[in-house]
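Okay, structure first, notes after.
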Amino acid sequence: MTDQQQPGIDPALWRGLTQSRTSRRGFLRAAGVGAGALSLSSILAACGTAGVSTSSAAANGVGSAEWWSQQTETKTLNYANWPYYIDTAHGKHPSIDQFQQQTGITVDYTEPINDNTSFFTKIRPDLQAGNYIGYDVIVLTNSDPPLSEMIGFGWAVPLDQSRMTNFYKYASPLVKDPAWDPGNIHTMAWQSGYTCIGYNTKYITEDITSIQSLFDPKYKGKIGMMGISTELGSAGLLAIGVDPAASTPDDWTKAAEMLTQQKPLVRSYYDQDYIKALKNEDIWISMVWSGDVFQAANYQGYDTLKAVIPQEGSMFWTDNQLIPVGVQNPVAAMEFMDYVYDPKVQALIEDYNAYVCPVPASKSIIANQLKDPTVADSPTVFPDAQMVSRSKPYYQFKNSQDLDQWNSTFQPIYTG
Amino acid sequence: MEQHVPADLHGVEPPRRHRRLGRSASPYLLGAPAIVWLAVFFVIPLVTMLSLSIQTCDSITLACKLTWHFAEFPNIIGRYNDTFVRSLVYAGAATVAALVVAFPVTYWIAFRAKRKNFFLLMLLVPFFVSFVIRTTAWYTLLADQGTILSTLKNLHLVPESFHVLATPLAVIGGLAYNYLPFTALPLYVALERIDRRVMEASHDLYATRRVAFTHVVLPLAVPGIFAAFLLTFVPAAGDYVNAAILGGTNTVMIGQVIQNKFLEAADYPAASALSTVLLVLMLVGIAAYAKFLGSRTIEEYV
């Protein structure tokens, strides 16, 4: 434990939580092989998809100090985030309004991302062609392949380090210099969070303490699981008592067997829409993302909903803001990404979304100025030692065969 | 006179030849937009799909190369056999349900209603709202503790554990509802076309109303019924929205699998192979259909 780490947190654990996931060299090598293979002259082959070339943003000078010095501030910003992720009051976002007033930049904040992979698959052709994808900032999770693929393929513009004042001053050690993006060259975290268990105390009166409750036959037809390969697989691994980060393909098969047996009990496999089913009482217990349930219970009147981190632990992830290539408003993007690291601004956002806060200094502002001890004292917003010890990192895919094997083990459970 | 003709012909020959050329080219010129349309939006995607289905791709770089890897076909047919069967059964059930609902309505509009256009418009107006929004509305209406089911449960008309969502019934109902216009319009056209004098003749020949219906109206409406069946069944079999929103773990349709393979797994060969199999199934179905019915009647209505 060093003085730079949060008290009570083992640095080895932080490293474990935040290790880099896929080797960049591996990507590039595979890309090269792909590009070579494409020289086949067959008409049919010409109909295929081109592999990723190795010409990265950096190679074209995009994101270099010289490139950044040529950029000027534009007065619009197109920001793509996940739903339920920003402070909302009367249909407006106070933190964004404040930014617009301060800078005169009009922010078009949209919520098109429900799932990393499918969002990435949609923007991918434009990224590959170097087109503007319509967003200046997007938010991707470190637990799924797209983030490391964006960085590995050179589709994430290197950030202007001189415009990260708030970040370097206030960011938590948890998100500063993370192993998935050493030196914060490409990303600044938006929030972190847990994939844990949420349930409705109106129907479930016992205290839920174990992930085994998701496999309990007495909740048949009222159980929600996530139809997201990394999430579902990790939940299965936790349920069979295996640490996902250290798991082997044999463990995956066992976990998949357990999940397949559970299938008759499951109502549906969800992505972000699980929260609607939980609110509608179509399901009573579900895999959830920690902040969603907190918001539903505290701000939206669903006060019988509760989220718990079970004794087996919960998957811990971080969502990261990054600038995709083809960006049209890079300076505005930098300004907004850094703006959210102002502790007062972050307090506004955090007090609403209640995920894991990337700015520790916001805690006292939430407690004293916003007078919201529920959020300020929540161990899942400002994690205590016990929470941290229950935080589990995701498995890291070594190469595409590894990823294929994981997907072919877990995807048939929810698509068949 | 006969001698004059060649002279005349000789005189007018250049313009005539010109005209003839224009005449012979005109079908192609008129067809050009359709040909370009078909080439760009049908032939190229189709060839791409067929080609991708026998390629091998790297799941991270998405570099694909043609390997003539036909093994994907038996592979996916084996693995998704149940899903294919389920999709066809759901689509068939939904089509029959839509026909049962649409037939009396269109019959009434075609034969009895005074303001046909008004009622036809009334039938179609709900479908001006986005497909997904209407389906999500059903999701909210039919929620386990939603207005309808919670009322029924409070009245003890259905058991507490009763639910509609996440059952095959919900998916089939959603499909039947969403594709209703595709069923109703061809039916209406067929019924509207029936010559009223034929009906009168049947009555003159002492046919009762029922006999007139079964022996005159129904046979004349058959091409419309078949057209409606095709237009509803084909898109319903490939639909994924209804099953995704209204369905559960045991109602997965082939469209959902294809969507997942394309967008989530980025497994283009498997997705293409699945699409190809679906396409072939549909083509075989339609060919059988055309043989049974004769292709002319289908052309008239589809």
Within chain A, helix-based [θ] at 222 nm, where runs of 4 or more DSSP H residues each add -39,500 (n - 2.57), nearest 500: -10500 deg cm²/dmol
- prompt: What nm value, rounded to one decimal, do you get for the distance between residue A:399 and residue A:169 when each label is placed 7 Å out toward the C-beta?
  reply: 4.7 nm
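Quick check on the protein assembly as shown: of the DSSP beta bridges with both residues there, what percent are antiparallel, nearest 5%? It would help to have the intermediate numbers written out before the result.
On the way: 27 of 42 bridges.
If I count the DSSP bridges inside the protein assembly as shown, around 65 percent turn out antiparallel.
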- request: Give the range of the longest stretch in chain A that excludes all chymotrypsin sites (Phe, Trp or Tyr not before Pro) found in loop regions by DSSP and having at most 16 other beta-carbon atoms within 10 Å.
  value: A:204-416
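Mind running the shape call on chain A? Use the C-alpha gyration tensor, a ≥ b ≥ c as the square roots of the eigenvalues: rounded below 1.5 for a/c, prolate if a/b tops b/c, oblate otherwise. All intermediate terms of the calculation are to be shown ahead of the outcome.
On the way: a/c = 1.66, a/b = 1.11, b/c = 1.49.
Oblate, since a/c reaches 1.5 and b/c is not below a/b.
Could you put A:66, A:73, B:72 in order, starting from the residue whose Cβ has the fewest other Cβ atoms within 10 Å?
A:66, A:73, B:72
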- prompt: Among A:93, B:215, which comes first, second and so on when ranked by fewest other beta-carbon atoms within 10 Å?
  reply: B:215, A:93
- prompt: Can you pull the three principal axis extents for the Cα set of the protein assembly as shown, in Å, largest first?
  reply: 113, 79, 54
- line: Exposure-ranked with fewest Cβ neighbours within 10 Å first, B:206, B:179, B:289 stand as B:206, B:289, B:179
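Considering only chain A, what is the antiparallel percent among its DSSP beta bridges, to the nearest 5?
On the way: 24 of 39 bridges.
Around 60 percent antiparallel, to the nearest 5.
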query: Using a Gaussian network for chain A with springs between C-alpha atoms less than 10 Å apart, which of these wobbles most: A:198, A:91, A:291?
result: A:91
- prompt: For chain B, what class follows from the C-alpha gyration tensor (a ≥ b ≥ c being the square roots of its eigenvalues): rounded when a/c is under 1.5, otherwise prolate if a/b is larger than b/c, else oblate?
  reply: oblate
field: When each of A:202/A:263; A:276/A:306; A:169/A:363; A:92/A:169; A:276/A:392 is checked by Cα-Cα distance, pairs over 20 Å
entry: A:202/A:263; A:92/A:169; A:276/A:392
- prompt: How far apart, in nm, are the 7 Å Cα→Cβ label points at residue A:205 and residue B:81?
  reply: 4.8 nm
statement: GNM on chain B, Cα springs under 10 Å; top mean-square fluctuation among B:221, B:71, B:97 goes to B:71
- prompt: At 222 nm, what helix-only mean residue ellipticity would chain B give, in deg cm²/dmol to the nearest 500, using -39500 (n - 2.57) for each DSSP H run of four or more?
  reply: -23000 deg cm²/dmol
task: Take the alpha-carbon centre of region A:97-167, take the same for region A:186-237, and report the distance between them in whole Å.
output: 28 Å
- prompt: Can you work out ³J(HN,Hα) from phi for every residue in region A:168-178, in order, using Karplus 6.51 cos²θ - 1.76 cosθ + 1.60 and θ = phi - 60°, giving whole Hz and x for Gly and Pro?
  reply: 5, 7, 10, 4, 5, x, 4, 10, 8, 6, x
- request: For peptide B:64-73, compute the average count of partner chain beta-carbon atoms within 10 Å of each residue's beta-carbon.
  value: 4
field: Distance (nanometres) between label positions extended 7 Å along Cα→Cβ at residue B:136 and residue B:291
entry: 4.5 nm
query: Anyone know which of A:121, A:374, A:141 comes out most mobile in the 10 Å Cα GNM of chain A?
result: A:121
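Would you mind giving the mean number of other chain beta-carbons within 10 Å of the Cβ of each residue in A:266-275, as a whole number? Walk me through the intermediate numbers first.
Working: counts 4, 6, 10, 3, 0, 1, 0, 4, 0, 0.
Mean shielding count: 3.
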query: For B:256-266, what's the mean count of beta carbons from other chains sitting within 10 Å of each residue's beta carbon?
result: 6
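Just so you know, all these numbers are worked out from the coordinates, no wet-lab data involved. It should be emphasised that the depicted structure is a prediction, and the values quoted were computed from it without experimental measurement. Don't worry about glycine lacking a Cβ; one is built from the backbone with ideal geometry, like all the others, and counts go over all protein chains shown.
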